[in-house]
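Here's the structure we're looking at; comments come further down.
The values are calculated or read from the model by the stated rules, or taken from the named source; none is laboratory data. Because the structure is predicted, anything quoted here is derived from the model rather than measured. Note that we place each Cβ from the backbone using ideal geometry, even for glycine, and neighbour counts take in every protein chain shown. Accessible surface is based on the protein model in full, side chains and every heavy atom, while ligands, DNA and RNA are left aside. Shrake-Rupley method; radii C 1.70, N 1.55, O 1.52, S 1.80 Å.
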Amino acid sequence: MSNQPKPQDGRLRSTLLANEHQKEDFIGFRKRVLEGGEPYVISDAVAPAEILHTMDIPVVPVVWYSAIVAAKQLSPHYFSVMDRLGYHERLPRYTSLPLMTTLDTDSGLAPYGGLPKPMLFLNRFRDDYGQRIMEKWSQAYGGVPCFPLESSSSTVLGERWWTRSHRDWEALYETHRLDFQVDQLNALVRTVETLSGRGFDHAEFVRQMDRINEAGEIVEEVRDLIAAARPCPVPLTEQLANVMAPTWDRGSDWSVRHLRAYRDEVRERIAAGVGACSNERIRLLWVGNGLWFNTKFYRAFEEKYGAVFVWSMYSNFLSDGYRRYFSAEPGQAMRALASRHVSMNEQLHVPPWMADWIIEQARIYGADGAVMLTPTHDRMASFGNRMTKVALEEAGIPVVELKANMVDARLWDDAAMTRIVEEFIANRIQATKQN
């Protein structure tokens, strides 16, 4: 225990450990891939990384690396590279930013030394640009195989997916869709086995799927603890650190151990009466992707207004969106994985699934309002925002919309955005509470 990092500025021990784990994990990745010559995969965020984890093949999710670039305040440089290279201004920022770190061969600024040549690009079709971005990236490395995954459309939009999907996933996501998805996943296994020379261990795959379920159960416990506590014991910045690292490393022993420690520390803080803001008077939801280059914004309204961001979609999607309980019957684990990824993007970004889930979170957390990030130049991430805003307002949850981008700091005016949220708090929330 003496070698563990000590909390600073009131932060949780778990937060420092999660950050340290991510750093060590990427250092280990660089050693394995660059020094050891092991294969790795660059993947979409909603692609089935579980298959690769089972085969002990490192995975770098595109949006994870994009968030790292933005957090290190490097996005202005790389988007200037994009402009200089002649890419059009409406190219999605979230998924194209990592490509720029590869195309920029001179600066040497890329986090962790940049991404080496992968064995494979794994992409799920979900917008107009994803496939082309992967193709351009493949060409930049001199030619790398790309494996695209398709997802057929639902014919029935089942209600309350966040509870039904855990056990009733066959009916919820429809047999014909799962059949098609399983065929693609089996083809992915064969492709990775061929490229890597490694075999797919089904027993280990089942163990990883079970550990993901266990991790999701712990996240649900944490959700309930934070939602019920007054004041909120954990700022949103630290919720992100402690849940996102296990989400990217899902299925590992570490992810379960870390989430247990995080849960126990949250309990300690509640018992001690510790809060993110001791003067908490207003609870806010953050709707949309994280503001990765400026996470301090989540805490900008605590001192003046007692306004605390208590939830974002990352807080408990590992619980609601990833858990899948399945029988020991052959093929069920892979079918459960298919159900996990077949509609993941739609649940996060497309109404009515997106809106219904967020309204439920607002109820659970006792939210007074929501701040919605509508990404400029990322159409896929803003598909459902307009209808979700209407649904939230109709449910009695006032919403303010910020039009910016989660990784492009050039499009962010901090003073203007702060003023918009302050006026929203004063005119929509405080005024209502006073009446």
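The table below gives the values:
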read-out: Gly113 being open to solvent by less than 30 Å² (accessible area, probe 1.4 Å) and modelled with pLDDT under 90; value: no
read-out: In region 187-225, residue surrounded by the fewest Cβ atoms within 10 Å (Cβ to Cβ) [restricted to those that are of a type in the set (Lys, Arg) and not in a loop (DSSP other than H, G, I, E, B)]; value: Arg190
read-out: Subset of region 26-43 (residues that are within 22 Å of the chain's Cα centre (by Cα) and buried (at least 16 other Cβ atoms within 10 Å of the Cβ)); value: Phe26, Phe29, Tyr40, Val41, Ile42, Ser43
read-out: All positions within region 150-178 that are modelled with pLDDT under 95, within 21 Å of Arg126 (Cα to Cα) and either among the acidic types (Asp, Glu) or surrounded by 13 or more Cβ atoms within 10 Å (Cβ to Cβ) (or both); value: Glu150, Ser151, Ser152, Ser154, Leu157, Gly158
read-out: Of all residues in region 365-390 being under 15 Å from Trp286 (Cβ atoms) and of a type in the set (A, V, I, L, M, F, W, C), the one that is surrounded by the most Cβ atoms within 10 Å (Cβ to Cβ); value: Ala370
read-out: Those residues of region 25-44 which are farther than 22 Å from Glu193 by Cα and either not charged (D, E, K, R) or not in a helix (DSSP H, G or I) (or both), in sequence order; value: Phe26, Ile27, Gly28
read-out: Candidate set from region 88-103 (those that are of a type in the set (D, E, K, R) and open to solvent by 20 Å² or more (accessible area, probe 1.4 Å)); member that is nearest to Thr374 (Cα to Cα); value: Arg90
read-out: Qualifying positions in region 232-273 - of a type in the set (Ser, Thr, Tyr), surrounded by fewer than 19 Cβ atoms within 10 Å (Cβ to Cβ) and touching a helix residue (DSSP H, G or I) at 6+ places or on another chain (Cβ under 6 Å); value: Thr237
read-out: Residue list for region 111-123, restricted to those being on the phi < 0 side of the Ramachandran plot and more than 21 Å from the chain's Cα centre (by Cα); value: Pro116, Lys117, Pro118, Met119, Leu120
read-out: Residue satisfying all of: in region 62-76; more than 15 Å from the chain's Cα centre (by Cα) and without any contact (Cβ under 8 Å) to a residue 60 or more places away in the chain; least open to solvent (accessible area, probe 1.4 Å) among these; value: Leu74
read-out: Flag for Leu99 being in contact with a Phe, Trp or Tyr (Cβ under 6 Å, 6 or more places away or on another chain) and closer than 20 Å to Asp83 by Cα; value: yes
read-out: Hey, Leu337 crowded, with 22+ Cβ neighbours inside 10 Å and over 21 Å from the mean Cα position of the chain (by Cα) or not; value: no
read-out: Test set (1) in contact (Cβ under 8 Å) with a residue 60 or more places away in the chain; (2) of a type in the set (A, V, I, L, M, F, W, C); (3) open to solvent by 50 Å² or more (accessible area, probe 1.4 Å) - Leu85 fails condition number; value: (1)
read-out: Those residues of region 407-420 which are in contact with a strand residue (DSSP E or B) (Cβ under 6 Å, 6 or more places away or on another chain) and in contact (Cβ under 8 Å) with a residue 60 or more places away in the chain, in sequence order; value: Trp412, Met417
read-out: Among the residues listed as Ala276, Ala228, the single one being more than 22 Å from Leu52 (Cα to Cα) and without any contact (Cβ under 8 Å) to a residue 40 or more places away in the chain; value: Ala228
read-out: Odd one out for Phe293 among (1) within 25 Å of Gln430 (Cα to Cα); (2) outside any helix (DSSP H, G or I); value: (1)
read-out: Unmet criterion (only one of (1) touching a residue at least 60 places away in the same chain (Cβ under 8 Å); (2) assigned to a helix (DSSP H, G or I)) for His176; value: (1)
read-out: Residue in region 226-239 that is at pLDDT 95 or above, closer than 30 Å to Lys389 by Cβ, assigned to a helix (DSSP H, G or I) and β-branched (Val, Ile, Thr) present; value: yes
read-out: Flag for Val59 being open to solvent by less than 10 Å² (accessible area, probe 1.4 Å) and at pLDDT 95 or above; value: no
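Yes/no matrix, rows are residues, columns are (1) within 20 Å of the chain's Cα centre (by Cα); (2) assigned to a helix (DSSP H, G or I):
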position	(1), (2)
Val308	no, no
Phe317	yes, yes
Arg324	yes, no
Ala333	no, yes
Glu346	yes, yes
Pro351	yes, no
